[in-house]
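Just below is one structure, and these are the notes that go with it.
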Amino acid sequence: MKLVSIIVMASLLGITGCNNEQRIRIGDTPPEISGNDIYGRHISLSKLKGKVVILCFWTTSCCGDILNRLQPFQSESNDKGLTVLAVNVGNSKETVESYAKDYALTFTLLTDEKSKIFNQYQVVGFPTLFILDKNGIVREKIMGDIQTDNLLKLVVKQFKIQKEMETNYSKKHTH
């Protein structure tokens, strides 16, 4: 029995890693993402401050549904201060370009062929979404699939919180 416990513990350490780093949590400032999207445009997460950001980690083998659900957010909300940034993990730029074309995706798509960003964010499964507030702080983390109406509620919540903060700030600083 003791041997089984040792084997199970060793397996878990191998799966989860044996370091003391914590996964990104709500309230954290996430690592910077900077690079060229699939069309060659430079993108920087820090330059998206001032917008609510839906950051989605995905791969072509599993996550088409979530990407299709994200497209309307970009189409309808870009002028309202929302942007979608999808980081593909493990596929080539050409594969992601073809995927974007086939599914008429217009939001920003980055490729992470060598899993550098994936490892920085300590993502453990696909899809994984982070909702960042206008200050670039993680406010929601969704591991796994989410339906459009639930995602919409989380995004609207961020806009309401931001509006309340701005209103409270104005009230305190106008006298």
**OP:** Among the numbered conditions (1) out of contact with any Lys or Arg (no Cβ under 9 Å at 6 or more places or on another chain); (2) on the phi > 0 side of the Ramachandran plot, tell me where Met143 comes up short.
**Re:** (2)
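Yes/no matrix, rows are residues, columns are (1) in contact with a strand residue (DSSP E or B) (Cβ under 7 Å, 6 or more places away or on another chain); (2) farther than 19 Å from Leu82 by Cβ; (3) outside any strand (DSSP E or B):
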| position | (1), (2), (3) |
| --- | --- |
| Phe126 | yes, yes, yes |
| Asn135 | no, no, yes |
| Lys141 | yes, no, no |
| Leu152 | no, no, yes |
| Lys163 | no, no, yes |
| Glu166 | no, no, yes |
| Lys172 | no, yes, yes |
**OP:** State whether the residues of the range 14-23 include one that is surrounded by 11 or more Cβ atoms within 10 Å (Cβ to Cβ), touching a strand residue (DSSP E or B) at 6+ places or on another chain (Cβ under 7 Å) and either β-branched (Val, Ile, Thr) or modelled with pLDDT under 95 (or both).
**Re:** no
Original post:
Out of all the residues in the range 106-113, is one or more without any contact (Cβ under 8 Å) to a residue 40 or more places away in the chain, touching a Ser or Thr at 6+ places or on another chain (Cβ under 7 Å) and charged (D, E, K, R)?
Top reply: yes
Subject >> Residues of the range 92-124 classified as in a loop (DSSP other than H, G, I, E, B) and of a type in the set (A, V, I, L, M), total >> reply: 4
Subject >> Residue in the range 32-53 that is surrounded by fewer than 16 Cβ atoms within 10 Å (Cβ to Cβ) and touching a helix residue (DSSP H, G or I) at 6+ places or on another chain (Cβ under 6 Å) present >> reply: yes
Original post:
Which of the residues belonging to the range 137-153 are crowded, with 17+ Cβ neighbours inside 10 Å and either within 15 Å of Leu45 (Cβ to Cβ) or without any contact (Cβ under 8 Å) to a residue 40 or more places away in the chain (or both)?
Top reply: Val138, Arg139, Ile142
**OP:** Find all pairs meeting these conditions: Cβ atoms under 8 angstrom apart; at least six residues apart or on different chains; first residue within the range 55-74 and over 13 Å from Leu105 (Cα atoms) and in contact (Cβ under 8 Å) with a residue 60 or more places away in the chain; second residue among the small types (Gly, Ala, Ser) and part of a loop (DSSP other than H, G, I, E, B).
**Re:** Thr59/Gly90
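The values are calculated or read from the model by the stated rules, or taken from the named source; none is laboratory data. Keep in mind the model is a prediction, meaning the values are calculated, not measured. Neighbour counts run over all protein chains shown; Cβ positions are idealised from the backbone, glycine included.
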